[in-house]
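Working notes, beginning with the structure itself.
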Amino acid sequence: MKNYDFIPHAANTRSCSQVINLIEAEGAAGYGFYWALLEYLRAQDHYTGDIRVIKSIARQMKIRIDKATRVLNDYELFVVENTLFSSQFLNKRMVSFDRQRAHREAY
């Protein structure tokens with residue numbers, strides 16, 4: 001059973017230049033949508049998601065699709081390839097967590 005409750009991240013995430021640019025342009029709604037996408041990716045195999053869910057997540061978060069699309073594409077926070085997207089930030093943060101989980105599961 002997977003644990004979807006945890007995304008390790010630094011308390012200074014907002015000091016990353018890409019996130020600063022996101023917040024300046026899109027405000028708190030853009031930052032919140034960014035984290036909603038990370039939460040979605042966290043629950044996916046290999047932390048990779050289908051971009052077709054963006055509309056659904058945008059509706060849930062009550063933001064316009066044009067803002068959602070900008071968050072996904074314009075701030076170098078996500079890697080988009082065809083219909084898939086991922087986050088290098090999330091992938092890096094999950095390496096240690098995944099190692100620890102694999103070690104626990106081995107015993």
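Below are the figures for this structure:
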item: Selection from region 76-107 of residues that are assigned to a strand (DSSP E or B) and within 14 Å of residue 46 (Cα to Cα); result: 79, 84, 85, 86
item: Flag for residue 52 being in a helix (DSSP H, G or I), more than 13 Å from the chain's Cα centre (by Cα), exposed (fewer than 11 other Cβ atoms within 10 Å of the Cβ) and at pLDDT 95 or above; result: yes
item: Residues that are more than 14 Å from the chain's Cα centre (by Cα), open to solvent by less than 60 Å² (accessible area, probe 1.4 Å) and within 20 Å of residue 97 (Cβ to Cβ), drawn from region 11-44; result: 16
item: Among (1) under 13 Å from the mean Cα position of the chain (by Cα); (2) modelled with pLDDT of 95 or more; (3) among the polar types (S, T, N, Q), the one test that residue 69 misses; result: (1)
item: Subset of region 55-66 (residues that are among the small types (Gly, Ala, Ser) and either part of a strand (DSSP E or B) or touching a residue at least 12 places away in the same chain (Cβ under 8 Å) (or both)); result: 58
item: Number of positions in region 36-60 that are within 19 Å of residue 7 (Cα to Cα) and of a type outside the set (Gly, Ala, Ser); result: 12
item: Restricting region 65-107 to residues that are of a type in the set (Ser, Thr, Tyr) and farther than 15 Å from residue 48 by Cα, the residue that is least open to solvent (accessible area, probe 1.4 Å); result: 75
item: Close pairs from region 67-92: first of a type in the set (Phe, Trp, Tyr), partner part of a loop (DSSP other than H, G, I, E, B), Cβ under 6 Å, at least 6 apart; result: 78/87; 85/78
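The values are calculated or read from the model by the stated rules, or taken from the named source; none is laboratory data. Everything numeric here is computed off the predicted structure, so don't read it as measured data. Please note: Cβ atoms are built from the backbone with ideal geometry, for glycine as well, and neighbour counts cover all protein chains shown. For the accessible areas, the whole protein counts, side chains as well, though only heavy atoms, and no ligand, DNA or RNA atoms are used. Shrake-Rupley method; radii C 1.70, N 1.55, O 1.52, S 1.80 Å.
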